[in-house]
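Each value in this text was obtained by applying a stated rule to the coordinates, not by laboratory testing. Keep in mind the model is a prediction, meaning the values are calculated, not measured. Neighbour counts run over all protein chains shown; Cβ positions are idealised from the backbone, glycine included.
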Amino acid sequence: MRQWTVDRVVDELSAAEAERRDRGPITDEYPDFDLATAYLAQDRLIERKVASGETIIGVKLGLTSRAKQTRMGIDAPLTAWLTDAMVLPAGEPAPMARLIHPRVEPEIVFVLGEDLAGPGVTAARAMQAVEYVYGGYEVIDSRYQDFKFKLPDVVADNASAGRFGIGPVARSPHDIDLAVEACLLDVDGEIVDTATGAAVQGHPAEALALAANGLGRRGHRLKAGWIVLTGGMTDAVFLNPGSTVSVHFTNLGSTSVSGG
């Protein structure tokens, strides 16, 4: 049997995504699969996507809620990469034929006006680097059966990245109190969850600072013009064919995604 290595992890996850199939956790088969190895696999996974023609356009945070962090045994969110192939333009349905079991969660989204490099970045410094704030959503799509995994599994899987969309309203970060910015999540017109920006590490700026610092420790930096998905404000809901999930923000407008 082929020995487990970083490249084998990448091969397994790349094949699962391409073939639209899920699998059991890699940690069940690879006892030495730790967090550091998982981040190496994540970076190598994105290197392959870039080599195939995709462009890195930002980062996303996962496990930003403290309850989820406690369940996973960590004290900070994880980071992952966004590429241009993950963008869903307004009005375009999610490509269900290319996704395994997509779920949608609302996000507060930052667009950076300058580079941001850790470690040592505070929330206040992080917000100085933000040029615009948007409301948006992420379509997460784990390559693991039933979204069941341990921390190294999900890190290597690029934090279940699938697709994402950004709403039509851009605001200056100085003109909005993101801790109290409220969001309604609805499925086919029925409200199923609500939250405020405080659900994201107490404030989305804290999540951005943690992302900058975590990436800095790995030798990366956030770049001007990049998009940052700061983390799910509510639990994710399944996106089914023919169904529409919408997110409605107090000051950041509304946007929606349908299962195509």
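When the helices in the chain are scored as -39500 (n - 2.57) per DSSP H run of 4 or longer and the sum is shared across all residues, what 222 nm value do you end up with, to the nearest 500 deg cm²/dmol? Intermediate results must be reported in sequence, preceding the final value.
Details: 6 runs with 64 residues, N = 260.
Helix contribution divided over all residues of the chain: -7500 deg cm²/dmol.
What is segment 6-258's relative contact order, in percent, from Cα pairs under 8 angstrom and six or more apart in sequence?
28
Would you mind counting up the charge near Asp22? Only other residues with Cβ under 12 Å from its Cβ, with Lys and Arg at +1 and Asp and Glu at -1. All intermediate terms of the calculation are to be shown ahead of the outcome.
Numbers: positive: Arg20, Arg21, Arg23, Arg143, Lys148; negative: Glu12, Glu17, Glu19, Asp141, Asp146, Asp153, Asp157.
Around Asp22, the surrounding residues sum to -2.
Distance between Cα centroids, segment 187-260 to segment 151-172: provide it in whole Å.
Measuring centre to centre over Cα atoms gives 7 Å.
In what sequence do Val139, Val130 fall when counting other Cβ within 10 Å, fewest first?
Least crowded to most crowded, the residues run Val130, Val139.
Exactly which chymotrypsin sites (Phe, Trp or Tyr not before Pro) in segment 100-151 are in a DSSP loop and have at most 15 other Cβ atoms within 10 Å?
Within segment 100-151, no chymotrypsin sites (Phe, Trp or Tyr not before Pro) qualify (loop, at most 15 other Cβ atoms within 10 Å).
Please order His174, His220 by the number of other Cβ within 10 Å, starting at the fewest.
His174, His220
Please state the charge dipole magnitude for segment 6-258, taken about the Cα centre, from unit charges on C-beta atoms (+1 on K and R, -1 on D and E), reported in debye and rounded to the nearest 20. Present the calculation step by step, with values, prior to reporting the outcome.
Details: 23 positive and 35 negative charges, 78 e Å.
Around 380 debye, computed over segment 6-258.
Which number gives the lysine pairs in segment 6-258 that have C-alpha atoms under 21 Å apart and are eight or more places apart or on different chains?
Here the count comes out as 8.
Mind listing which trypsin sites (Lys or Arg not before Pro) in segment 1-61 are in a DSSP loop and have 14 or fewer other Cβ atoms within 10 Å? All intermediate terms of the calculation are to be shown ahead of the outcome.
Values: sites: Arg2, Arg8, Arg20, Arg21, Arg23, Arg44, Arg48, Lys49, Lys60; in loops: Arg2, Arg20, Arg21.
Loop-located and lightly packed - Arg2, Arg20, Arg21.
May I have the extent of the alpha carbons of the chain along their three principal axes, as whole Å values ordered from largest to smallest?
Largest first, the chain extends 57, 45, 36 Å along its Cα principal axes.
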